[in-house]
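Participant: Okay, handing you the structure first.
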Amino acid sequence: MTEHQRIVKISCICLLFLLLSLDAVGDEIKNPYYKTPIWKLWFLDSTPVSLPDNKILTPPSPDKRIYPDDVDTEKCPGRFLAYRNNDWPGRKYAGIWDDVYSNRDNGHSYIRPIWSGENGDSVKIIDSIIHLKGGHPYEVGANFTSQSTTGMGHDITNNGSHMEQLEKFIYFADILMSGPAHASYMDRDIKNSSDQYQALVPIFYNSMGSSDSETMALTKMIIAGGYLPKDLKGELKRNGLYPATLLYIWKASLPYKVPYANELRHRVAYNSKGDHSDYGGSNQTEVNQFYHNYDDTEHLRNMVTLAKSMTVAPPIALLSTKSIEGGKTIYALKTTALIHQGKYEKIKLRVSTEDSYDLQDIPLTFRWEILYGNKNTTIEREGNSSTYNITIPYDSRLPKGRTSILLIANNGKFDSNPAVINIYRTDGPPDLRPSLTGLEDQTILPGEKVQIKITSVDPDGFPVHLYQWAAEVGSLNGDTFTWECPVNHPDSTEPVTIIASDGASGNSYNSKQVKIHVRSTVAAISANKLHEKAPFTVEFSSSGSRDKRIGELAYFWDFADGSASQDQNPVHTYSRPGFYEVTLQVKGPSGTHSAKLVVHARHNWPLALNGDWTDKNWQGITDDSPVNIKWSNLQIYKKGGKGGFKLTSAKHLAPPFYLGGSLLQPR
């Protein structure tokens, strides 16, 4: 059965199992499609369910049900997960035993058995929830379901009938559907960006990678859902709003220094395990660029913290489309719309927020955000009404791709999972990634200030926005990164991660992570010249070397040719050709530190300069710096404190060739 056939069949399945509605559900629920639940609520009725294939679905026995609790952070600093094996009076958080995971292809990919991190954070998922393998997710009150690569993400999001079924019979029937983007989103090109999603769909979780990658995200959502207050989680499930809440928690908790209505939080496909950039899926390994990454543990910590704080449910943002002028409407649903915009077409929509609601009947406010795409879009409210007029002009400079407009409802405590209007440009030039330069590793003393001017230019001429990971030091102000290091900061290394986006279509990124090394003693090395024909005389300088305490510095130079010096600024001559890795070690009152650079005493015979040679390649190399430098056909490499040299080709190099005074034979 195809993915489309499965989705279409859902409506029939739901009707067949209306008998599973419980007498105990109480009053009429708040749901756009249903007045009473059509799914089983296991927390109200934990009796087994007989399935059509003669199988019986049974929840974990009471002795296997685990319940989350608060952590004693004084005894366990940094820890945020704690569980108890038995229920107890006064328990605050709901737990996960009544969550149902449905795998529809008999285990091709399956939920992660355990999540564990540092500081003793760990939770075993596999024995603590209800598992359903091989179909029937809709009649038994399933909350999570994943697909294999049979149905690609764009096959669903680009198709009106698929989306209508997904919204009505999955999302608002209390099921969070997920899948791997796989062929829908391959982000391997470092110059161009492209994906096959015509719409950003807020109700469907897609993962970067192939089969099984999405289950990393579902594992984190199950954990966070367990930390919801027990009464609130029950009401969310009873009203069919559990998926909406979990998706809001996922997006709001992503550890980026950006507001909620930012493109880094709302993507067509996410990196499910944030700090891994390379996945081995069941079909192939996806190469995931660094700009999709984030601190995975910090993300789950944020998710748990947000879930615990939810004394009320997030609101529900819904679209009520009154009219659409121009373009081709693919679908206009309650949570999302997709309109194709042809060349020179202007799109006009009249949309109301009147169907949006709050589970607690708290008054709502609304805001619209042009997430990316045509920033000349206008949104005008009709007086004090709930109706808005939205106009999206055509811009020939924009690449083929999406303009996505978010509608976010707010109840004074939480935002909603957004509703999204998507205008898909069916014509346009390629989307080129912005450049990102100026970010280099730094070594500083405690108490010093770091200021880095970042340059990022979009080849298409669009403004570039810079973003930073959360839980990192310093801050961004426009194109300038600043960090004032505390005077009591210990010797350590602080990563700084910058992401650049041109905001054109939601996938045109660049990124770089640099390291700020904080050292009590800093060695700084430089030279008046780095390459010349042998014999080669170099004036070295230790200017900039310093210590956090007042006192004299001692200097130890190793010129890599058997010679050494203890002068502060020595002059040295290299008589033989070669590459020489010069080391300066500085000893001060607070300790020692070393820095390195490479000088090249050239041969008198000509070399073909067919590599990427600039003086910049060789400067500022310290013990902490990764080095991967290519010049001509010679590669100098250094990783993990170990270095070496290799000649990749002898085509342009004639022996003998010396490296640090040692003869290198071509091979």
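The values are calculated or read from the model by the stated rules, or taken from the named source; none is laboratory data. This structure is a prediction, so every number in the text was calculated from the model and none was measured. Cβ placement follows ideal geometry from the backbone for every residue including glycine, while neighbour counts extend to all protein chains displayed. We work out accessible area using only protein heavy atoms, side chains counted, and drop any ligands, DNA or RNA first. Shrake-Rupley method; radii C 1.70, N 1.55, O 1.52, S 1.80 Å.
Participant: Does segment 457-509 hold any residues that are closer than 28 Å to residue 185 by Cα, among the polar types (S, T, N, Q) and not in a loop (DSSP other than H, G, I, E, B), and which are they?
Facilitator: 468, 497, 501
Participant: Applying the selection to segment 586-601, what residues are open to solvent by less than 70 Å² (accessible area, probe 1.4 Å) and either within 17 Å of residue 528 (Cβ to Cβ) or in a strand (DSSP E or B) (or both)? Don't jump to the end; show me each part of the working.
Facilitator: Kept after step one, since they are open to solvent by less than 70 Å² (accessible area, probe 1.4 Å), are these residues of segment 586-601: 586, 588-591, 593-601.
Matches in segment 586-601: 586, 588, 591, 593, 594, 595, 596, 597, 598, 599, 600, 601.
Participant: Shifting gears a bit: Considering 207, 213, 178, which residue is under 15 Å from residue 507 (Cα atoms), touching a residue at least 24 places away in the same chain (Cβ under 8 Å) and either aromatic (Phe, Trp, Tyr) or open to solvent by less than 10 Å² (accessible area, probe 1.4 Å) (or both)?
Facilitator: Numbers: 213 fails: under 15 Å from residue 507 (Cα atoms); 178 fails: under 15 Å from residue 507 (Cα atoms).
Step by step, each of 207, 213, 178 is checked, and only 207 is under 15 Å from residue 507 (Cα atoms), touching a residue at least 24 places away in the same chain (Cβ under 8 Å) and either aromatic (Phe, Trp, Tyr) or open to solvent by less than 10 Å² (accessible area, probe 1.4 Å) (or both).
Participant: Working only within segment 321-377, note down all residues that are surrounded by 17 or more Cβ atoms within 10 Å (Cβ to Cβ), among the charged types (D, E, K, R) and within 20 Å of residue 166 (Cβ to Cβ).
Facilitator: Listed by number, the list holds a single entry, 334.
Participant: Just to be sure before I move on: is residue 532 free of Cβ contacts under 8 Å to residues at least 60 places away in the same chain and either part of a strand (DSSP E or B) or of a type in the set (A, V, I, L, M, F, W, C) (or both) in the structure I sent?
Facilitator: On the way: free of Cβ contacts under 8 Å to residues at least 60 places away in the same chain: no; either part of a strand (DSSP E or B) or of a type in the set (A, V, I, L, M, F, W, C) (or both): yes.
In short, no.
Participant: A follow-up question, please. Please go through segment 409-442 and give me each residue that is open to solvent by less than 30 Å² (accessible area, probe 1.4 Å), modelled with pLDDT of 95 or more and assigned to a strand (DSSP E or B), ordered by number.
Facilitator: Listed by number, the residues that qualify are 409, 415, 417, 419, 420, 421, 422, 423, 424, 425.
Participant: Any residue in segment 84-104 that is in a loop (DSSP other than H, G, I, E, B) sitting within a Cβ distance under 7 Å of a residue that is open to solvent by less than 10 Å² (accessible area, probe 1.4 Å) and charged (D, E, K, R)? List the pairs, counting only those 6 or more apart or interchain.
Facilitator: Note: pairs meeting the criteria are 94/233.
Let's see how each residue does on (1) crowded, with 18+ Cβ neighbours inside 10 Å; (2) more than 30 Å from residue 268 (Cα to Cα):
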{"residue": "499", "(1), (2)": "yes, no"}
{"residue": "503", "(1), (2)": "yes, no"}
{"residue": "545", "(1), (2)": "yes, yes"}
{"residue": "550", "(1), (2)": "no, yes"}
{"residue": "555", "(1), (2)": "yes, yes"}
{"residue": "581", "(1), (2)": "yes, yes"}
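Participant: Does segment 564-576 contain at least one residue that is modelled with pLDDT under 95, at negative phi and out of contact with any Pro (no Cβ under 9 Å at 6 or more places or on another chain)?
Facilitator: The answer is no, given that none of the residues of segment 564-576 is modelled with pLDDT under 95, at negative phi and out of contact with any Pro (no Cβ under 9 Å at 6 or more places or on another chain).
Participant: How many residues does segment 523-535 contain that are more than 30 Å from residue 550 (Cβ to Cβ) and open to solvent by 20 Å² or more (accessible area, probe 1.4 Å)?
Facilitator: 5
Participant: So, one more: I need the full set of residues from segment 128-140 which are assigned to a loop (DSSP other than H, G, I, E, B) and at pLDDT below 85, in order please.
Facilitator: Selection gives 134, 135, 136, 137, 138, 139, 140.
Participant: Which members of segment 568-586 meet the condition of being touching a Phe, Trp or Tyr at 6+ places or on another chain (Cβ under 7 Å) and among the charged types (D, E, K, R)?
Facilitator: The answer is 576, and nothing else.
Participant: Only one of these is more than 45 Å from the chain's Cα centre (by Cα) and more than 24 Å from residue 450 (Cβ to Cβ): 538, 582, 599. Name it.
Facilitator: 538
Participant: Determine whether residue 520 is among the hydroxyl-bearing types (Ser, Thr, Tyr) and open to solvent by less than 60 Å² (accessible area, probe 1.4 Å).
Facilitator: For residue 520, the condition - among the hydroxyl-bearing types (Ser, Thr, Tyr) and open to solvent by less than 60 Å² (accessible area, probe 1.4 Å) - is met.
Participant: So if I check each of 391, 387, which one is open to solvent by 10 Å² or more (accessible area, probe 1.4 Å), more than 18 Å from residue 376 (Cα to Cα) and in contact (Cβ under 8 Å) with a residue 24 or more places away in the chain?
Facilitator: Answer to the selection: 387.
Participant: State which residue is farthest from the chain's Cα centre (by Cα) when the search covers only segment 212-239 and only residues that are hydroxyl-bearing (Ser, Thr, Tyr) and more than 12 Å from residue 144 (Cα to Cα).
Facilitator: Here the answer is 227.
Participant: Exactly one of (1) modelled with pLDDT of 95 or more; (2) outside any helix (DSSP H, G or I) is unmet by residue 235. Its number?
Facilitator: Here residue 235 meets the rest and fails (2).
Participant: Looking at this structure, is residue 311 under 19 Å from residue 388 (Cβ atoms) and either open to solvent by 70 Å² or more (accessible area, probe 1.4 Å) or part of a strand (DSSP E or B) (or both)?
Facilitator: no
Participant: Counting just the residues of segment 289-302 that are part of a helix (DSSP H, G or I), touching a Phe, Trp or Tyr at 6+ places or on another chain (Cβ under 8 Å) and surrounded by fewer than 23 Cβ atoms within 10 Å (Cβ to Cβ), which one comes out modelled with the lowest pLDDT?
Facilitator: The first filter runs over segment 289-302 and keeps only residues part of a helix (DSSP H, G or I), leaving 290-292, 296-302.
Subset that is touching a Phe, Trp or Tyr at 6+ places or on another chain (Cβ under 8 Å): 291-292, 300-301.
Restricting the remaining residues to those that are surrounded by fewer than 23 Cβ atoms within 10 Å (Cβ to Cβ) gives 292, 301.
Values: 292: 90, 301: 97.
Among residues in segment 289-302 that are part of a helix (DSSP H, G or I), touching a Phe, Trp or Tyr at 6+ places or on another chain (Cβ under 8 Å) and surrounded by fewer than 23 Cβ atoms within 10 Å (Cβ to Cβ), the one modelled with the lowest pLDDT is 292.
Every residue, every condition in (1) free of Cβ contacts under 8 Å to residues at least 60 places away in the same chain; (2) buried (at least 18 other Cβ atoms within 10 Å of the Cβ), yes or no:
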site	(1), (2)
461	no, no
471	no, no
480	yes, no
485	yes, yes
490	yes, no
496	yes, yes
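Participant: Would segment 162-180 turn up any residue that is modelled with pLDDT under 85 and of a type outside the set (D, E, K, R)?
Facilitator: Taking every residue of segment 162-180 in turn, none turns out to be modelled with pLDDT under 85 and of a type outside the set (D, E, K, R).
Participant: Right, here's the next one. State all residues of segment 57-71 that are of a type in the set (D, E, K, R) and either closer than 12 Å to residue 93 by Cβ or open to solvent by less than 10 Å² (accessible area, probe 1.4 Å) (or both); if no residue qualifies, say none. Give the derivation first.
Facilitator: Initial filter on segment 57-71 (of a type in the set (D, E, K, R)): 63-65, 69-70.
Scanning segment 57-71 gives 69, 70.
Participant: Look through 450, 514 and report the one residue that is open to solvent by less than 30 Å² (accessible area, probe 1.4 Å), touching a Leu at 6+ places or on another chain (Cβ under 6 Å) and either closer than 30 Å to residue 585 by Cβ or of a type in the set (Asp, Glu) (or both).
Facilitator: Only one candidate qualifies: 514.
Participant: Give the residues of segment 389-411 that are small (Gly, Ala, Ser) and in contact with a strand residue (DSSP E or B) (Cβ under 9 Å, 6 or more places away or on another chain), sorted by residue number.
Facilitator: Matches in segment 389-411: 401, 404, 409.
Participant: What number of residues in segment 1-52 are within 37 Å of the chain's Cα centre (by Cα), at pLDDT 50 or above and open to solvent by less than 30 Å² (accessible area, probe 1.4 Å)?
Facilitator: Residues meeting the conditions: 9.
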